[in-house]
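Each remark here refers to the structure printed beneath this line.
The values are calculated or read from the model by the stated rules, or taken from the named source; none is laboratory data. A quick note: this is a predicted structure, and the numbers were derived from the prediction, not measured. Note that we place each Cβ from the backbone using ideal geometry, even for glycine, and neighbour counts take in every protein chain shown. The accessibility values were calculated without ligands, DNA or RNA, using every heavy atom of the protein model including side chains. Shrake-Rupley method; radii C 1.70, N 1.55, O 1.52, S 1.80 Å.
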Amino acid sequence: MLNLGFLSSHSGSNVQAIIDNVASGKLRANLCALVSNNSHAFVLERAKKANIPAFHISSHNYADPEKKIIEVFNEHNVNTVILAGYMKKVSADLIHNFSNRVLNIHPALLPKFGGEGMFGSNVHKAVIEAGEKTSGATIHLVTPNYDDGKILNQMTVPVLDNDTPETLAKRVLEIEHILYTDTLIKIANGEILIP
Ligand code: GRF
């Protein structure tokens, strides 16, 4: 069974999509805990509304936030960590503690348009400036480096001639909400194997 622990820094619309898909029965998973490094993150409200234990953990309130995250997730029987709009790097310790079952969603088709600094509208701006006709989103395993783990699943969207970073971001976000759940379903049924 997928026992999910979430890491998210801002809005949490990807987390909300997973919450909704578990509620509808589309995705079978336990929503065990959510951690945000941002005490004002709306994702904390989303978690509380869904009765998911929610925690603000950052260097502002913990000397070793990473250690506290591992503690909280272990206390809540997490076996799969879901990064969704999480703006911090995760350590090799955390990845090892969850035996490589740490996933992230990136709003582009890795391995292109990834790496340090490639987040938010920077990604979509780079895609448009490169003249790409297709973009999309990627679910990948997390390593201690940004965006370079094993790619597990991708979905594509067209890049339109008149796209701005904002219009492309909106189109990509829409399929992100499908892609994360699709990937988790395939991990649960063995279609996608995590080494
Ligand atoms: C998404 O674009 C995702 O690809 C990136 O951060 C954004 C998260 O948005 N990692 P939200 O917080 O899930 O709405």
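Points to keep in mind about this one:
- Computed extension gain for L160 through E45, at 0.36 nm per residue and net of the alpha carbon distance, reaches 37.9 nm.
- On the basis of the beta-carbon distance and an R0 of 41 Å, H56 and R28 show a calculated FRET efficiency of 0.90.
- Packing order of peptides 27-34, 161-168, 117-124, highest average first: 27-34, 117-124, 161-168 (average count of other Cβ atoms within 10 Å over each peptide's residues).
- Electrostatic bookkeeping for A17 treats Lys and Arg as +1 and Asp and Glu as -1; over the other residues with beta carbon under 13 Å from its beta carbon, the sum is -2.
- Computed helical MRE - 222 nm, the chain, DSSP H runs ≥ 4 contributing -39500 (n - 2.57), nearest 500: -11000 deg cm²/dmol
- Once you reduce segment 138-161 and segment 1-55 to the center of their Cα atoms, the two points are 21 Å from each other.
- Phi-derived couplings, Karplus 6.51 cos²θ - 1.76 cosθ + 1.60 at θ = phi - 60°, listed residue by residue for segment 58-67: 8, 5, 6, 10, 9, 5, 10, x, 4, 4 Hz, with x used for Gly and Pro.
- Computed extension gain for H96 through E129, at 0.36 nm per residue and net of the alpha carbon distance, reaches 8.2 nm.
- For the chain, modelled as a GNM whose springs connect Cα atoms under 10 angstrom apart, the maximal fluctuation among A23, A47, A130 occurs at A130.
- Its residue count N sets the reference 2.2 N^0.38 Å, and the alpha-carbon radius of gyration of the chain equals 0.98 times that reference.
- Taking a straight line from the alpha carbon of K186, these lysines sit under 16 Å away, with near neighbours fewer than eight places off in the same chain left out: K26, K150.
- Extension gain, N189 back to A63 (0.36 nm per residue minus Cα-Cα distance, nm): 41.5 nm
- The residues of the chain expose, per residue, 48 Å² of accessible area to a 1.4 Å probe.
- Fraction of accessible area attributable to carbon and sulfur, segment 1-99 (%, probe 1.4 Å): 49
- Over segment 1-99 - Rg/Rh using Cα atoms and the Kirkwood inverse-distance radius: 0.94
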